[in-house]
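First, the structure itself, so that you have it in front of you.
The values are calculated or read from the model by the stated rules, or taken from the named source; none is laboratory data. None of the values given here were measured: they were computed from a predicted structure. So basically every Cβ, Gly included, is an ideal-geometry build from the backbone, and we count neighbours across all protein chains shown. For the accessible areas, the whole protein counts, side chains as well, though only heavy atoms, and no ligand, DNA or RNA atoms are used. Shrake-Rupley method; radii C 1.70, N 1.55, O 1.52, S 1.80 Å.
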Amino acid sequence: MRHGLLVLLSAGLAAAEDGMSGWLRYAPLSCSRSSPPSLPQTIVALNATKSSPVYAAGRELQKGLQGIFARQVQVTGQTTNDSSVIVGSVAQYTRATGDSTVPSLEEDGYWLNIKGDSVQIVGQNERGALYGTFEYLSMLAQGNFSDVTKVSNPSAPIRWTNEWDNMDGSIERGFAGPSIFFANGVVVDDTSRVAAYGRLLASIGINGVVINNVNANATLLTAQNIRGIGRVADAMRPYGIQIGISLNFDSPKSFGHLAMSDPLDAGVIAFWTDITSQIYRQIPDFAGYLVKANSEGQPGPITYNRTLADGANLFAKAVQPYGGIVMFRAFVYDQLNESDWHADRADAAVNYFKPLDGEFDDNVVVQIKYGPIDFQVREPASPLFANLPKTNMAIELQITQEYLGQQCHLVYIPPLWKTVLDFDLKVDGQPSLVRDIVSGERFKRPLGGYAGVVNVGTNSTWLGSHLAMSNLYAYGRLAWDPTGDPQAILQDWIRLTFGPNRNVVDIITKMSMDSWPAYENYTGNLGIQTLTDILYTHFGPNPASQDDNGWGQWTRADRAGIGMDRTVSNGTGFAGQYPAQVAAAYEAPATTPDELLLWFHHVPYTYPLHSGKTVIQHFYDAHYAGAETAQTFPALWEGLRGKIDDQRFEEVLFRLRFQAGHSIVWRDAISEFYLNKSSIPDQAGRVGHHPYRLEAEDMQLSGYKVVALNPFEMASNSKAVVTSSNATGGTLAARLGFESGVYDLGVNYYDIIGGRARYEVYLNEKLVGEWMGDNVDSGRLGHTPSMMLDGHSATRITFGGVEVKEGDMLKIVGTPDGAEMAPVDYVVLLPEGVVD
Ligand code: GCW
């Protein structure tokens, strides 16, 4: 028996997993099979209606007990004398059992009572009962068989996701393939992925999903599509999830053929009233609308000389009779002129919304991004949270890693979110944590909560990367309880996703907890923002793109200094938007934390930080340290070979190797850029000195030509090589002057969209490795592609443990394909322990 068990387990480990089940795998637990805990013999689900969350809970329990313990347990609607797990709402439970001792619960809350094989899961409503069920199953799946009696209530009523899906099936800032909701202008026929997504979301307490992009297309409002939204709602209803949609403010004009979209116009009001009644006829439990208006060039109420509150209330009044709500985004700003020292995009939200406090209807919630700009690697908490005491508010977080490596870099984001959620804004000198403001508690508001931009796609991993799913999991857990510890939440996720092996848990914990600090280190430091290319892909480095345009993500870097002066005394005045104590701290560099120094102050590169380093030396050191940390990720992961199924192991390894290489691209681009700006050398002599590299432009070229890159910092030594034509291949050759030994051989090349060039590397005519530049074209890496040789397309491939003798002949053969002319930047030969 024992022997049979072992065989079964190792077979289970080898089986490929594609990520589709996320953290709801219910994988067999080895310990429980040898000595299983006493488990309920019957599942009693107190609602037999198939579309009900309690029915779904019964099915989920059955599935879980089957998967984890190989127990087949029947679901019934009747209480029994057998040991049972009973699940239902308070009303159902009291009716069925006569037991009226359930502790009092808040909306969506649950009571979980486990005494060995007798389990009661009672929700304030059916949704709550489902949440309690997932909690019980999460314990079992992690091998936690303790008796428990607990009440759990959510921190806030709104725990939604936003999906930026377009009607044509593309997803704005989505990195995991096309939409699960839309294709070719209509809602998809097959909603099985929608239901599977609903199940994942319900297990982390999410209760609403806005299914289309905030840059909304009015064609979502056709009769056919409203029926389609109905099918999406049907697929998610069993999981207690309500559906909402984003509206295009201009729909009355563009879709309803009215002359304009003025929110106070009777015809416009009638248009929205009619659309809303059509929607509620189809979907009686429709959640409501999300609105982006007067933002990034789009029309809105201000276009018609109305206030933003007039616009929000127009929609609020339409959904109010049905109990719907309106999420109105605070992401309202205009283009600005950088030569105006006092102009500041960060000022916009408070300037627009503060004067309107108290004017929004009760079913309006102002949805505020965590920082004043746009999901950057570090931002202070948005001061708007402190300025709307008479308005419902929600915080908008981004799970999709738009500015954080687009799921091609491991970045576990909750520690970043916590810097904002736990921040004390000290409104009126009283404790005012952001998490207590958005829950509604601080200002005694009836509504409030969380909106997380997720952007799952049809990729079986949902987000494109297995490890990125920890962010989605933790988002739900933190919206439920923002006092939760990001590391403890992460470890629940690891055990559920990869199993309870101690080594697996420790290693993924280490990598994940190191990941945001590392990413911040090798991208943008001291509050200067991510320093990605804001005019193009938002993926790789391009610090110059922040400035000299109207978008307002400025750094104001010049020869002498860097940073945005946001002081009241001499700058944009933004610091003054915070309550007095916080404003005073940010007003002076001495009391501003180093990590936000350049957000609030313009200082010379030689300015000394609290740490004792100068700004410029901190940039260099942080970039080198961050890239070095990223090199540890693939090595750590390699230690888990055999402890994780092969498919997920290899897919993760591939991404971590990419990240390790791309972190060097980031490091070098940013360091070189500021060395060039400031002319202040790196005290450690690293920047611009690469003794282990062979620049491609210095090799013997045949069928290749040299190109100078612009911006210069996008290539090592500012030059790369491409084949002389896109029809014929070429070779690069060099005699190696390195001491004989074993090296990691890396090649930095560019992988652009529109071609799959091939490469072969030889040492003395012996093949060391070959590959194809198809990470982007094959969709293997889902980041926004680039058509150019730049920091987005720059990629490193490494061949480990290569024996090299002094005088060996290195040769690279490149074969172009399509637009990709087998571009190469440099070759690097790294002795053990050297990072460059
Ligand atoms: O960050 C910017 C993104 C846009 C996005 C916008 C927004 C959906 O680059 O892609 O549009 O913010 O949040 O509205």
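Give the residues of the stretch 626-666 that are under 23 Å from the mean Cα position of the chain (by Cα), farther than 22 Å from Tyr749 by Cβ and free of Cβ contacts under 8 Å to residues at least 24 places away in the same chain, sorted by residue number.
Within the stretch 626-666, just Phe649 meets the criteria.
Another question, if that's okay. Could you please let me know if Ala669 is within 31 Å of the chain's Cα centre (by Cα) and within 19 Å of Ala544 (Cα to Cα)?
So Ala669 fits the description; yes.
Considering only residues of the stretch 412-453 that are within 16 Å of the ligand (Cβ to nearest atom) and touching a helix residue (DSSP H, G or I) at 6+ places or on another chain (Cβ under 7 Å), which is farthest from Tyr522 (Cα to Cα)?
Filtering first and then ranking leaves Tyr450.
Restricted to the stretch 378-398, and to residues that are within 13 Å of the ligand (Cβ to nearest atom) and of a type outside the set (S, T, N, Q), which residue is farthest from Val214 (Cα to Cα)?
Among those that are within 13 Å of the ligand (Cβ to nearest atom) and of a type outside the set (S, T, N, Q), it is Glu379.
Looking only at strands (runs of 3 or more DSSP E) that lie completely in the stretch 37-104, which have at least 3 residues being touching a residue at least 12 places away in the same chain (Cβ under 8 Å) and touching a Leu at 6+ places or on another chain (Cβ under 8 Å)?
Answer list for the stretch 37-104: 84-89.
Restricted to the stretch 468-514, and to residues that are over 24 Å from Ala202 (Cα atoms) and of a type in the set (Asp, Glu), which residue is least open to solvent (accessible area, probe 1.4 Å)?
Asp514
Can Arg193 be described as under 25 Å from Gly324 (Cβ atoms), among the charged types (D, E, K, R) and away from the ligand (no atom under 16 Å from the Cβ)?
Judged against the criteria, Arg193 is not a match.
Let me ask something else about it. What number goes with the only condition from (1) open to solvent by 10 Å² or more (accessible area, probe 1.4 Å); (2) within 16 Å of the ligand (Cβ to nearest atom); (3) not basic (Lys, Arg) that Asp262 does not pass?
Exception for Asp262: condition (2).
Checking Thr49 against (1) out of contact with any helix residue (DSSP H, G or I) (no Cβ under 9 Å at 6 or more places or on another chain); (2) surrounded by fewer than 16 Cβ atoms within 10 Å (Cβ to Cβ), only one condition comes out false. Which one?
Only one criterion is unmet by Thr49, namely (1).
Take the residues in the stretch 653-667 that are surrounded by fewer than 24 Cβ atoms within 10 Å (Cβ to Cβ) and aromatic (Phe, Trp, Tyr); name whichever of them is nearest to Val504 (Cα to Cα).
Result: Phe654.
Hey, another quick one. Evaluate the following for Asn207: is it at pLDDT 95 or above, under 32 Å from the mean Cα position of the chain (by Cα), more than 16 Å from the ligand (Cβ to nearest atom) and open to solvent by less than 40 Å² (accessible area, probe 1.4 Å)?
Answer is yes for this residue.
Any chance the stretch 279-292 includes a residue that's over 19 Å from Ile229 (Cα atoms), buried (at least 21 other Cβ atoms within 10 Å of the Cβ) and within 16 Å of the ligand (Cβ to nearest atom)?
Restricting attention to the stretch 279-292, the residues satisfying the condition of being over 19 Å from Ile229 (Cα atoms) are 292.
Retained after the next criterion (residues that are buried (at least 21 other Cβ atoms within 10 Å of the Cβ)): 292.
Filter once more, keeping what is within 16 Å of the ligand (Cβ to nearest atom): 292.
Within the stretch 279-292, one or more residues are over 19 Å from Ile229 (Cα atoms), buried (at least 21 other Cβ atoms within 10 Å of the Cβ) and within 16 Å of the ligand (Cβ to nearest atom).
If I filter the stretch 362-378 for residues that are within 17 Å of Lys292 (Cα to Cα) and acidic (Asp, Glu), do I get at least one hit?
Among the residues of the stretch 362-378, at least one is within 17 Å of Lys292 (Cα to Cα) and acidic (Asp, Glu), which makes the answer yes.
Under the condition of being open to solvent by 20 Å² or more (accessible area, probe 1.4 Å) and either small (Gly, Ala, Ser) or in contact (Cβ under 8 Å) with a residue 60 or more places away in the chain (or both), which residue from the stretch 332-348 is nearest to the ligand (Cβ to nearest atom)?
Pass one, the stretch 332-348, residues open to solvent by 20 Å² or more (accessible area, probe 1.4 Å): 334-342.
So of that shortlist, the ones also either small (Gly, Ala, Ser) or in contact (Cβ under 8 Å) with a residue 60 or more places away in the chain (or both) come out as 335-339, 341-342.
Details: Gln335: 14, Leu336: 16, Asn337: 21, Glu338: 19, Ser339: 24, Trp341: 25, His342: 24 Å.
Out of the qualifying residues, it is Gln335.
List every residue pair whose Cβ atoms sit under 9 Å apart, with the two residues 6 or more apart in sequence or on different chains, where the first one lies in the stretch 398-422 and is over 16 Å from Asp514 (Cα atoms) and open to solvent by 10 Å² or more (accessible area, probe 1.4 Å) and the second, anywhere, is of a type in the set (Ser, Thr, Tyr) and more than 16 Å from the ligand (Cβ to nearest atom).
Asp422/Thr483
Scan the stretch 671-713 for residues that are part of a helix (DSSP H, G or I) and either out of contact with any Phe, Trp or Tyr (no Cβ under 7 Å at 6 or more places or on another chain) or among the small types (Gly, Ala, Ser) (or both) and jot them down.
Ser671, Glu672, Phe673, Leu675, Asn676, Lys677, Ser678, Ala696, Glu697, Asp698, Phe712
Okay, moving on. Give the stretch 789-808 a look and list any residue that's surrounded by 18 or more Cβ atoms within 10 Å (Cβ to Cβ) and in a loop (DSSP other than H, G, I, E, B), or say none.
Within the stretch 789-808, Leu789, Asp790, Gly791, His792, Ser793, Asp808 meet the criteria.
Taking the stretch 715-764 on its own, how many of its residues are of a type in the set (S, T, N, Q), part of a strand (DSSP E or B) and open to solvent by 10 Å² or more (accessible area, probe 1.4 Å)?
1
Report yes if Gly573 is in contact with a helix residue (DSSP H, G or I) (Cβ under 8 Å, 6 or more places away or on another chain), at positive phi and surrounded by fewer than 24 Cβ atoms within 10 Å (Cβ to Cβ), otherwise no. Reasoning before the result, please.
Details: in contact with a helix residue (DSSP H, G or I) (Cβ under 8 Å, 6 or more places away or on another chain): yes; at positive phi: yes; surrounded by fewer than 24 Cβ atoms within 10 Å (Cβ to Cβ): yes.
For Gly573, the condition - in contact with a helix residue (DSSP H, G or I) (Cβ under 8 Å, 6 or more places away or on another chain), at positive phi and surrounded by fewer than 24 Cβ atoms within 10 Å (Cβ to Cβ) - is met.
List the pairs whose first member sits in the stretch 423-452 and is over 19 Å from Glu106 (Cα atoms), whose second member is of a type in the set (S, T, N, Q) and open to solvent by 40 Å² or more (accessible area, probe 1.4 Å), and whose Cβ atoms are under 8 Å apart, counting only residues at least 6 apart or on separate chains?
Here the result reads Lys426/Gln581; Gly429/Gln581, each pair linking the stretch 423-452 to a residue that is of a type in the set (S, T, N, Q) and open to solvent by 40 Å² or more (accessible area, probe 1.4 Å).
Also, I was wondering about something else. Looking at this structure, is Ile241 β-branched (Val, Ile, Thr), closer than 26 Å to Glu396 by Cα, within 25 Å of the chain's Cα centre (by Cα) and within 16 Å of the ligand (Cβ to nearest atom)?
So Ile241 fails the test.
Here's another thing I want to ask about it. Could you run through the stretch 293-328 and say how many residues are closer than 17 Å to Leu220 by Cβ, in a strand (DSSP E or B) and either open to solvent by 10 Å² or more (accessible area, probe 1.4 Å) or within 14 Å of the ligand (Cβ to nearest atom) (or both)?
1
Surrounded by fewer than 22 Cβ atoms within 10 Å (Cβ to Cβ), more than 11 Å from Leu829 (Cα to Cα) and in contact (Cβ under 8 Å) with a residue 24 or more places away in the chain: does that describe Phe712?
yes
Considering Gly464, Gly457, Gly405, Gly476, which residue is outside any loop (DSSP other than H, G, I, E, B) and within 18 Å of the chain's Cα centre (by Cα)?
On the way: Gly464 fails: outside any loop (DSSP other than H, G, I, E, B); Gly457 fails: outside any loop (DSSP other than H, G, I, E, B); Gly405 fails: outside any loop (DSSP other than H, G, I, E, B).
Just one listed residue meets the conditions, Gly476.
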